[in-house]
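Everything below concerns the one structure shown next.
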Amino acid sequence: MRKRELEIAVISDVHLGTYGCYADELLTYLSSIQPKILILNGDIIDIWDFKASYFPASHLKVIKKIISMASKGTEVFYIKGNHDALAGKSAGTTLGNIKFCDKLVLSLDGKRTWFFHGDVLDAPSISVRWLSRLGSFGYTLMSSVNNLSNWILKQRKREKYSLSGKIEQNKTQSVNYISDFERTVADLALYSDYDCIVCGHIHQPKKEQIENAKGAVLYLNSGDWVEHMTALEYSFKRWKLYRYKNDKLSPFFMDEDLKKMDINELMASMGIKHT
């Protein structure tokens, strides 16, 4: 079956290495598309909840699939999330066609589009209302504060602050948390003169035009692969919210070369030396 060609595909909050991850379904989705750009918008490999005794073959196959896509020409951007700290430490580095970064800005058909995970808004005890008026500088400052606060919590052997985790613990307040998050992200984008903002983090897939006194911005959230199994796709100058549960396509099997090639061979095909 022919793969769907896309300009951009965005996935986030996969949480490989945890029991809740729908790795088989994600592998099926990735095998069904051929994007020019694949954006991994945070929390792909879950370092927080990672257990050395649990990393099944299906999770490893997702990693191998992404590397395989990169080796065949797909440009992959790995944006760090709050659960995949290793990606954050690699920010600014490049492995073959895979680039690690904290955030990403692309011009898509004349529209400035900002990609970031969203955990920067988790910094505890700090109002983010002023953040939007500081634009990109405010984002960078808040990111530094967030990293510092989590480092302090780690030194005190306390759990890192996580908005998504708090939502799960407080279902009755989740609507307010989500609404505040979406509004703040939209305000931040508008005051930074972006036309579109793409994030993840709160596990709530959405496509919505949000307006304030300064104008309107397209808010996009790629959702997750632990409950909703969703992604964002960009083609023909428009964004689409993909839902795996609504996909009527016949199941895809893994590419033949992926079946035969081990992880070292995949990395070697990208010019990456593995020791």
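For segment 12-85 and segment 175-223, what is the separation of their Cα centres, given in Å?
Rounded to whole Å, the Cα centres lie 24 Å apart.
With the crude spin-label approximation of a point 7 Å out along Cα→Cβ, what separation in nm comes out for Arg4 versus Glu211?
3.0
Would you mind ranking Tyr234, Tyr54 by Cβ crowding within 10 Å, fewest neighbours first? Write down the numbers at each step before the final one.
Values: Tyr234 24, Tyr54 11.
Result, fewest neighbours first: Tyr54, Tyr234.
Can you run phi through the Karplus equation (6.51, -1.76, 1.60; θ = phi - 60°) for segment 188-196 and list ³J(HN,Hα) in whole Hz, with x for Gly and Pro?
My calculation for segment 188-196 gives 4, 5, 5, 6, 9, 6, 9, 8, 8 Hz in order.
Do any of Lys64/Lys111; Lys80/Lys111; Lys72/Lys240; Lys65/Lys111 go past 27 Å between their Cα atoms, and which?
Numbers: Lys64/Lys111 33 Å; Lys80/Lys111 23 Å; Lys72/Lys240 24 Å; Lys65/Lys111 30 Å.
Distance filter (> 27 Å) returns Lys64/Lys111; Lys65/Lys111.
Near the amide H of Arg4, under 5 Å away, which other amide H atoms are found, from residues 5 or more places off or on another chain, if H is placed in the peptide plane?
Here the answer is Ile33, Gln34, since their amide H atoms fall under 5 Å of that of Arg4.
When a footprinting reagent is the concern and you count Cβ atoms within 10 Å, what order do Asp187, Asp24 take, fewest first?
Values: Asp187 20, Asp24 14.
Placing the least packed residue first, the sequence is Asp24, Asp187.
Each reported figure results from applying straightforward, stated rules to the coordinates on display, with no laboratory input. Since this is a predicted model, take the numbers as computed values, not measurements. Cβ coordinates were reconstructed from backbone atoms using ideal geometry, including for glycine residues, and neighbour counts include every protein chain displayed.
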